[in-house]
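A short worksheet on the structure shown next.
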């Protein structure tokens, strides 16, 4: 039964919510870059906000066109995530090369990275491709988005067929029972074990989780007893591990457009680090 919950309940937890896009796009980005920072104990919160605000300030001064979301974990190991979306791998390359060519921006980011690095235990990054086949009615995030839920599934080697059959059963059941449900799926390309899938959604309020869980019975009814039994078998055969975690968006760690800031005051950074004041000259001693 545990494996059934990995495939079924894990997806239930992300259904009927707004799907996540890493930038302000009208549809999920085709390429999603996710960086993770594992913060040292006692170094999170306002302390980490301040170092991250240096990155935001650097991009703001440069009027950089690529935006990103920053968020902190509310479950699992303490960490911060940064999501950047691109239309293609070529667009990702162009963005990275443009930063390198901008000497002032590159220097500011390097300096911010050194300061921020002192607060971290470790960091890593993964690149994921949008999987349209496993997504359902995907919708973009909005300025009202406050939380992201990310469910991670790792599939057993040689058992992709069972996984594929199981996901398609879940999709069909939702189309019947909850046609308004929507989520976005991404598949690992770099920096993640082969067979890694992410199901990502955004929420305006945690009350949406309560509302969604109330629909479990509708899903089970659409599947039927035989369908649930079959799904259990497919999940047990195909899923190596799964985990879902909740993250809270942090405006001080996010670089969003001016339109988003105007649409919702939440996005106006509140702890931006003030420029360092020039050191004062020592007072001259009076003549003796």
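The values are calculated or read from the model by the stated rules, or taken from the named source; none is laboratory data. Worth saying up front: this structure is predicted, and the values here are computed from it rather than measured. Heads up, the Cβs are rebuilt from the backbone with ideal geometry, glycines too, and the neighbour counts pull from every protein chain shown.
The sole residue among 69, 82, 59 that is over 26 Å from residue 245 (Cβ atoms) and touching a strand residue (DSSP E or B) at 6+ places or on another chain (Cβ under 7 Å) is 59. Going by the conditions given, is residue 190 within 26 Å of residue 85 (Cβ to Cβ) and exposed (fewer than 15 other Cβ atoms within 10 Å of the Cβ)? Considered against the rule, which asks whether it is within 26 Å of residue 85 (Cβ to Cβ) and exposed (fewer than 15 other Cβ atoms within 10 Å of the Cβ), residue 190 comes out as yes. How many of the residues in segment 174-187 are buried (at least 20 other Cβ atoms within 10 Å of the Cβ) and closer than 20 Å to residue 29 by Cα? Residues that pass the stated criteria total 5.
Rundown of residues vs (1) modelled with pLDDT of 95 or more; (2) surrounded by 13 or more Cβ atoms within 10 Å (Cβ to Cβ); (3) over 22 Å from residue 36 (Cα atoms), yes/no style:
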residue	(1), (2), (3)
102	yes, yes, yes
114	yes, no, no
130	yes, yes, no
133	yes, no, yes
138	no, yes, yes
141	no, yes, no
152	yes, yes, no
156	yes, yes, yes
159	yes, yes, yes
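What about residue 43, is it farther than 22 Å from residue 146 by Cα and assigned to a loop (DSSP other than H, G, I, E, B)? First the steps, then the outcome.
Details: farther than 22 Å from residue 146 by Cα: yes; assigned to a loop (DSSP other than H, G, I, E, B): yes.
For residue 43, the condition - farther than 22 Å from residue 146 by Cα and assigned to a loop (DSSP other than H, G, I, E, B) - is met.
Restricting attention to segment 31-66, the residues that are crowded, with 18+ Cβ neighbours inside 10 Å and under 23 Å from residue 135 (Cα atoms) total 4.
Consider segment 142-171 and keep the residues that are in contact with a helix residue (DSSP H, G or I) (Cβ under 7 Å, 6 or more places away or on another chain) and in a helix (DSSP H, G or I). The one that is nearest to residue 203 (Cα to Cα) is 170. Exactly one residue out of 253, 248 is buried (at least 21 other Cβ atoms within 10 Å of the Cβ) and touching a strand residue (DSSP E or B) at 6+ places or on another chain (Cβ under 8 Å): that is 253. The test for being closer than 30 Å to residue 157 by Cβ and surrounded by 15 or more Cβ atoms within 10 Å (Cβ to Cβ) holds for residue 171.
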